[in-house]
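The values are calculated or read from the model by the stated rules, or taken from the named source; none is laboratory data. All figures in this text were calculated on a predicted structure; none of them were measured in a lab. All Cβ positions, glycine included, derive from the backbone under ideal geometry; neighbour counts span all protein chains shown. When the accessible area is computed, the model is the full protein with side chains, heavy atoms only, and any ligands, DNA or RNA have been set aside. Shrake-Rupley method; radii C 1.70, N 1.55, O 1.52, S 1.80 Å.
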Amino acid sequence: MRPIREGLFTWPAERPELLGSRCTDCGEVTFPAQADCRRCGGRDCRVEPIGHRGTLWSWTVQRFLPKPPYASGETEETFRPYGVGYVELPSGVKVEARLTENRPERLVIGMPMRLVVAPFRTDPESGEVILGFYFAPEEDEEEAA
Amino acid sequence: MSEVAIIGIGLHPFGRTPDKSGQQQGAEAVRRALADAGVSWKEVQFAYGGSQDAGNADALVNELGLTGLQFTNVWNGCATGGSALHAGCAAIASGEYELGVVVGFDKHPRGAFNPRPADWGLEDWYGELGLMLTTQFFAMKIQRYMHEHGITEEALVRVAEKAFRNGALNPYAWRRTPLSREEIAQSPLVSDPLRKYMFCNPAEGGAALVLASAARARRHTTKPLWVRAAVVRTRRYGSFEVFSPSLAATVTDAPTVDAARTAFERAGIGPEEVDVIQLQDTDSGAEIIHMAECGFCAHGEQEKLLAEGATEIGGRMPVNTDGGCLANGEPVGASGLRQVHEICLQLRGQAGARQVPGGPRVGFTHVYGAPGLSGVTLISR
């Protein structure tokens, strides 16, 4: 198993966190981590974990199979609509991510969410499982527990 | 800005034209604009133009004639037409030229746009995970907006209903069949809360303008229209933009707000003086948001305005009288100049069945799109 891209979240980890960057000049946090600060133009940004819990800021459901570069391995026959949202983390930065939930009646702005790292696709050549990052409603964990 | 006139307008019908390339549609729009102005291509001193998916605008000389003019290709996302118009106005206002053409055209494949992340400064994972769709952005922007400002699904339906009703009055529109409230409200969800008939589709078409200095304009027409402002602005840090893997902690105004405010200041015209309005309606929600972002109403007031019919052709602030992007589709390169074309028809009193009553004097156009930029123009008689 490997992350879809190194450096998006801590991995391997029992409780993965998103990795962003903080500008050493102005303190602004962004995701994904980047070398330069888009707010102040500072050139010294440090990578740091930016959290695994937040609240749903906005959301939608992707109901048609996207064209490439979407690369899930799904076909028109196997495609399942997926939730997409912005989740506000403690610093105030809002991270866009897929949601594990795709039922609109279960998605409400302001609801607590938590990060989940889960298989996204299997590499057709190597057979390796590629991991993506998702946000799940916090209550799902309580139900499971 | 010294005075810049629009003396000719031309449009190639929007929609699908399988037997013509995008460039041919662009060339046809130029020919129609030249004929409208009573000017020959040989007299044209410069041109600015562009497309997203239909090739270089400069190649239109293969159809129109290789006259040696200065021809500059413009590609600036959804503000391609607005940027070409801005450049054309600057070329005349500077005194360097007195007669020029701006043109936009496009021909997109069917279905949603599928941009390459690298072209937009993003990494591949963003596209691979299925996050890089303009439709998702517009859905999440209106979803948040509805939450903050009390806009309802009913308002989304009303905007679409108006678009197709106006499109039915426009012989150049792509979709000319009115749709009932039920057909819109029950059409399949594409990206919640937006449904099939609340989204525009990528399409084909061309639009062109002939621009002239004041002195030159008076040689060709007794009724020129004047470009009072042509402004393009890009996103500032903190605005909620398309193709954003994250949003800043503190949300700031969209580029639409900046472009509209600057245009009104430059023109010395207030939003209340505008008689006919064209707003980017990539989807129903976008038109609603842009009404307020452009300064025509307060946030949240749209619900009431739509219910009252204020944005209908006969209302007090007519919006998208030609059916907008919803009824015309969106050929990215042509869309902004299609808006200007419609405003010019309205100000000339030549809009036929969809003519705004009372002799409108001032018109406004607005585009918004990837990668987070906006183009606004103010035009008057």
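Scanning region B:190-213 for residues that are among the β-branched types (Val, Ile, Thr) and closer than 29 Å to residue B:157 by Cβ gives a single hit, B:190. With the condition kept exactly as written, say whether any residue in region B:94-109 is touching an Asp or Glu at 6+ places or on another chain (Cβ under 6 Å), more than 20 Å from residue B:377 (Cα to Cα) and surrounded by fewer than 19 Cβ atoms within 10 Å (Cβ to Cβ). Looking for residues that are touching an Asp or Glu at 6+ places or on another chain (Cβ under 6 Å), more than 20 Å from residue B:377 (Cα to Cα) and surrounded by fewer than 19 Cβ atoms within 10 Å (Cβ to Cβ), one finds none in region B:94-109, hence no.
Given the criterion without any contact (Cβ under 8 Å) to a residue 24 or more places away in the chain, buried (at least 17 other Cβ atoms within 10 Å of the Cβ) and either in contact with a Cys (Cβ under 9 Å, 6 or more places away or on another chain) or not hydrophobic (A, V, I, L, M, F, W, C) (or both), identify the matching residue among B:123, B:182, B:204, B:161. If you could, list the steps in order and put the result at the bottom.
Values: B:123 fails: buried (at least 17 other Cβ atoms within 10 Å of the Cβ); B:182 fails: buried (at least 17 other Cβ atoms within 10 Å of the Cβ); B:204 fails: without any contact (Cβ under 8 Å) to a residue 24 or more places away in the chain.
Criteria check complete, one pass: B:161.
In a residue-by-residue description of region A:55-76, the property of being small (Gly, Ala, Ser), under 27 Å from residue A:129 (Cα atoms), more than 10 Å from chain B (Cβ to nearest Cβ) and in contact with a strand residue (DSSP E or B) (Cβ under 7 Å, 6 or more places away or on another chain) applies to at least one position.
One residue alone among A:124, A:90, A:119 is more than 9 Å from every other protein chain (Cβ to nearest Cβ), in a loop (DSSP other than H, G, I, E, B), open to solvent by 40 Å² or more (accessible area, probe 1.4 Å) and touching a strand residue (DSSP E or B) at 6+ places or on another chain (Cβ under 8 Å), and that residue is A:90. I'd like the residue in region A:1-18 that is open to solvent by 30 Å² or more (accessible area, probe 1.4 Å) and either outside any loop (DSSP other than H, G, I, E, B) or at the interface with chain B (Cβ under 9 Å from one of its Cβ atoms) (or both) and, out of all such residues, is nearest to residue B:247 (Cα to Cα). So the residue we want is A:5. Only residues that are of a type in the set (A, V, I, L, M) and facing chain A (nearest Cβ under 10 Å): list them for region B:240-273, please. Within region B:240-273, B:247, B:248, B:249, B:251 qualify.
Taking the condition within 14 Å of another protein chain (Cβ to nearest Cβ), of a type in the set (Gly, Ala, Ser) and open to solvent by 40 Å² or more (accessible area, probe 1.4 Å), does residue B:130 pass?
no
Here is the figure for region A:16-62: residues that are more than 14 Å from the chain's Cα centre (by Cα) and within 23 Å of residue A:137 (Cβ to Cβ) total 3.
May I ask you to say which residue of B:305, B:326 is part of a helix (DSSP H, G or I) and surrounded by fewer than 24 Cβ atoms within 10 Å (Cβ to Cβ)? Step through it out loud before you land on a result.
Working: B:326 fails: surrounded by fewer than 24 Cβ atoms within 10 Å (Cβ to Cβ).
Matching residue, one of B:305, B:326: B:305.
Among the residues of region B:142-152, the ones that are open to solvent by 30 Å² or more (accessible area, probe 1.4 Å), more than 8 Å from chain A (Cβ to nearest Cβ) and either in contact with a strand residue (DSSP E or B) (Cβ under 9 Å, 6 or more places away or on another chain) or at positive phi (or both) come to 1 in all. Of note, residue B:316 does not satisfy the criterion of being basic (Lys, Arg), open to solvent by 10 Å² or more (accessible area, probe 1.4 Å) and within 22 Å of residue B:6 (Cα to Cα). Residues that are crowded, with 22+ Cβ neighbours inside 10 Å number at least 3 in the following strands (runs of 3 or more DSSP E) confined to region B:1-89: B:4-15, B:46-50.
Of all residues in region B:203-214, none satisfies being within 14 Å of chain A (Cβ to nearest Cβ), within 30 Å of residue B:16 (Cβ to Cβ) and either touching a strand residue (DSSP E or B) at 6+ places or on another chain (Cβ under 6 Å) or at pLDDT below 95 (or both). Looking at B:91, B:139, B:84, B:118, just one residue is within 8 Å of chain A (Cβ to nearest Cβ) and either among the hydrophobic types (A, V, I, L, M, F, W, C) or under 19 Å from the mean Cα position of the chain (by Cα) (or both), and that residue is B:139.
Considering (1) away from chain A (no Cβ under 14 Å); (2) open to solvent by 30 Å² or more (accessible area, probe 1.4 Å), the lone condition that residue B:113 does not fulfil carries the number (1).
Quick one: which residue in A:46, A:63 is open to solvent by 70 Å² or more (accessible area, probe 1.4 Å), free of Cβ contacts under 8 Å to residues at least 60 places away in the same chain and closer than 30 Å to residue B:111 by Cβ? Quick ask: steps written out before the conclusion?
Working: A:46 fails: closer than 30 Å to residue B:111 by Cβ.
Answer to the selection: A:63.
Give the residues of region B:333-355 that are over 17 Å from residue B:105 (Cα atoms), open to solvent by 10 Å² or more (accessible area, probe 1.4 Å) and either in contact (Cβ under 8 Å) with a residue 60 or more places away in the chain or among the hydrophobic types (A, V, I, L, M, F, W, C) (or both), sorted by residue number. Within region B:333-355, B:345, B:348, B:352, B:353, B:354 qualify.
Select from region B:356-381 the residues that are surrounded by fewer than 21 Cβ atoms within 10 Å (Cβ to Cβ) and either charged (D, E, K, R) or on the phi > 0 side of the Ramachandran plot (or both) and list them in ascending order. Those that are surrounded by fewer than 21 Cβ atoms within 10 Å (Cβ to Cβ) and either charged (D, E, K, R) or on the phi > 0 side of the Ramachandran plot (or both): B:358, B:359, B:361, B:381.
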